[in-house]
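A.B. asks: Please find one structure pasted underneath; my questions will follow.
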Amino acid sequence: MRRALVVLGTLCALLGLLWIGQGLGYIHWPASSFMLDQRPWADRGAALAVVGLVLILAARRVGR
């Protein structure tokens, strides 16, 4: 259970950071992405990154 939460949290956090970068125009990969320079995707990425961090913190509590 703990390992699954950590893996899921890490994936969510990394995907959220990618969405933030694409939404703010810092990451242009893939070049044909509809998310480039679109502020709503940066906001959604921030929310997803927070969810990922919460999952990682929850995994620490489950392990105790």
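A.B. asks: I need the full set of residues from segment 31-64 which are of a type outside the set (Lys, Arg), open to solvent by 60 Å² or more (accessible area, probe 1.4 Å) and outside any helix (DSSP H, G or I), in order please.
C.D. replies: Answer for segment 31-64, where residues must be of a type outside the set (Lys, Arg), open to solvent by 60 Å² or more (accessible area, probe 1.4 Å) and outside any helix (DSSP H, G or I): 31, 32, 34, 37, 38.
A.B. asks: Now, a different point. Evaluate segment 2-14: report whether one residue or more is more than 16 Å from the chain's Cα centre (by Cα), surrounded by 13 or more Cβ atoms within 10 Å (Cβ to Cβ) and in contact (Cβ under 8 Å) with a residue 24 or more places away in the chain.
C.D. replies: Scanning segment 2-14 turns up at least one residue that is more than 16 Å from the chain's Cα centre (by Cα), surrounded by 13 or more Cβ atoms within 10 Å (Cβ to Cβ) and in contact (Cβ under 8 Å) with a residue 24 or more places away in the chain.
A.B. asks: Would you mention how many residues in segment 1-30 are more than 29 Å from residue 61 (Cβ to Cβ) and assigned to a helix (DSSP H, G or I)?
C.D. replies: Selection size over segment 1-30: 4.
A.B. asks: Oh, and also: Go through segment 23-64 and give me each residue that's under 10 Å from the mean Cα position of the chain (by Cα) and among the charged types (D, E, K, R).
C.D. replies: 44
The values are calculated or read from the model by the stated rules, or taken from the named source; none is laboratory data. In this text, all values refer to a predicted model and were calculated from it rather than measured experimentally. Note that we place each Cβ from the backbone using ideal geometry, even for glycine, and neighbour counts take in every protein chain shown. Side chains included, ligands, DNA and RNA excluded: accessible areas come from the protein's heavy atoms. Shrake-Rupley method; radii C 1.70, N 1.55, O 1.52, S 1.80 Å.
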